[in-house]
Amino acid sequence: MVCGYFFFAKRYGHRAVVLESVAGVPGMVAGMWNHLRSLRKMQQDERGWIKTLLEEAENERMHLMIFIEIAKPNFIKRTLILFAQFIFWHFYFVLYVFFPKVAHRMVGYFEEQAVISYTEYFDQIDRGNTPNIEAPLIAKVYYGLPEMRA
Ligand SMILES: [Fe+2]
């Protein structure tokens with residue numbers, strides 16, 4: 001997150017790529033851990049958390065796929081993201097196993113940062129500082145958007 005801010009602070013598309021690549025990790029870690037716990041304890045996932053968490057991971061992954069189309073990160077940025085994911089996945093796994101409430105709160109903080117970033121992004125578009133490009137096809141399909149802009 002901090003790394004992303006300093007490298008891509010004014011380039012919102014690239015910042016979104018960093019945010020979304022990190023945001024896709026917690027749901028997968030937590031979903032996997034709850035899945036494994038269900039297997040170990042031989043108990044049903046009564047509250048349906050496994051499905052919810054994995055769907056959240058998939059949703060965040062799709063956000064990343066959309067912003068990859070917009071920002072088109074180069075090899076160096078992709079390598080940085082790969083490294084950040086490697087570090088964050090291990091960190092978040094340990095955090096979730098031993099301090100799940102803190103881990104969930106951290107995701108809340110990330111989501112708050114995403115809202116702030118996207119609000120700033122839209123402000124930049126509204127002020128004309130960032131071009132208002134047409135949504136990529138992958139976004140139109142995922143969100144069921146109309147083919148033509150209004
Ligand atoms: Fe997202």
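All of the numbers you see were taken from the coordinates with simple rules; none came from a lab. All figures in this text were calculated on a predicted structure; none of them were measured in a lab. In this analysis, Cβ positions are derived from the backbone assuming ideal geometry, glycine residues included, and neighbour counts consider all displayed protein chains.
In the chain, with Lys and Arg counted as +1 and Asp and Glu as -1 at Cβ, which of these residues, A23, N59, F122, has the Cα nearest the positive end of the dipole, that is, farthest along it?
A23
Remind me, relative contact order of the chain in percent, using alpha carbon pairs under 8 angstrom and six or more residues apart? Don't jump to the answer; show the numbers that get you there.
Values: 114 pairs, mean separation 40.4, N = 150.
Once divided by the residue count of the chain, the mean separation gives 27 percent.
On the Cα set of the stretch 2-143, report Rg and Dmax in Å, please.
16.6, 56
Loop only per DSSP, at most 10 neighbouring Cβ atoms within 10 Å: give me the GluC sites (Glu not before Pro) in the stretch 113-150, ordered by residue number. Let's see the in-between values first.
Working: sites: E120, E134, E147; in loops: E134, E147.
Answer by residue number: E147.
Hey, got a sec? Which chymotrypsin sites (Phe, Trp or Tyr not before Pro) in the stretch 76-115 land in a DSSP loop and have at most 12 other Cβ atoms within 10 Å? Present the calculation step by step, with values, prior to reporting the outcome.
Details: sites: F83, F86, F88, W89, F91, Y92, F93, Y96, F98, Y109, F110; in loops: none.
Here no loop site has a sparse enough neighbourhood.
Using the charge dipole of the chain (Lys, Arg: +1 at Cβ; Asp, Glu: -1 at Cβ; taken about the Cα centre), state which of L39, G144, A71 has its Cα farthest towards the positive end.
With unit charges placed on the Cβ atoms, the residue in question is L39.
Past 28 Å, Cα to Cα, is the threshold; run K41/K101; K77/K101; K72/K140; K51/K101; K51/K140 against it and keep the listed order. Please report the intermediate quantities before stating the final value.
On the way: K41/K101 21 Å; K77/K101 31 Å; K72/K140 18 Å; K51/K101 19 Å; K51/K140 24 Å.
Violating the 28 Å limit, Cα to Cα: K77/K101.
Which value, in debye to the nearest 20, describes the size of the charge dipole of the stretch 11-150 about its Cα centre when Lys and Arg Cβ atoms bear +1, Asp and Glu Cβ atoms bear -1, and nothing else is charged?
Here the size comes out at about 480 debye.
Which ³J(HN,Hα) values in Hz, rounded to whole numbers, follow from the phi angles of the stretch 128-145 under the Karplus curve 6.51 cos²θ - 1.76 cosθ + 1.60, where θ = phi - 60° and Gly and Pro get x?
x, 7, 10, x, 8, 7, 6, 4, x, 4, 4, 6, 4, 5, 5, 9, x, 7
Please return the longest range in the chain lying between exposed loop sites, taking trypsin sites (Lys or Arg not before Pro), DSSP loop only, at most 16 other beta-carbon atoms within 10 Å, and leaving the sites out. Could you put the intermediate results ahead of the total?
Numbers: sites that count: K10, R11, R47, R127, R149.
For trypsin sites (Lys or Arg not before Pro) (loop position, at most 16 other Cβ atoms within 10 Å), the longest site-free span of the chain is 48-126.
Quick one: among A135, A16, A57, which has the greatest mean-square fluctuation in a GNM of the chain with alpha-carbon springs under 10 angstrom?
A135
So which GluC sites (Glu not before Pro) in the stretch 29-102 pass both tests, a DSSP loop state and at most 11 other Cβ atoms within 10 Å of the Cβ?
On the way: sites: E46, E55, E56, E58, E60, E69; in loops: E46.
Answer by residue number: E46.
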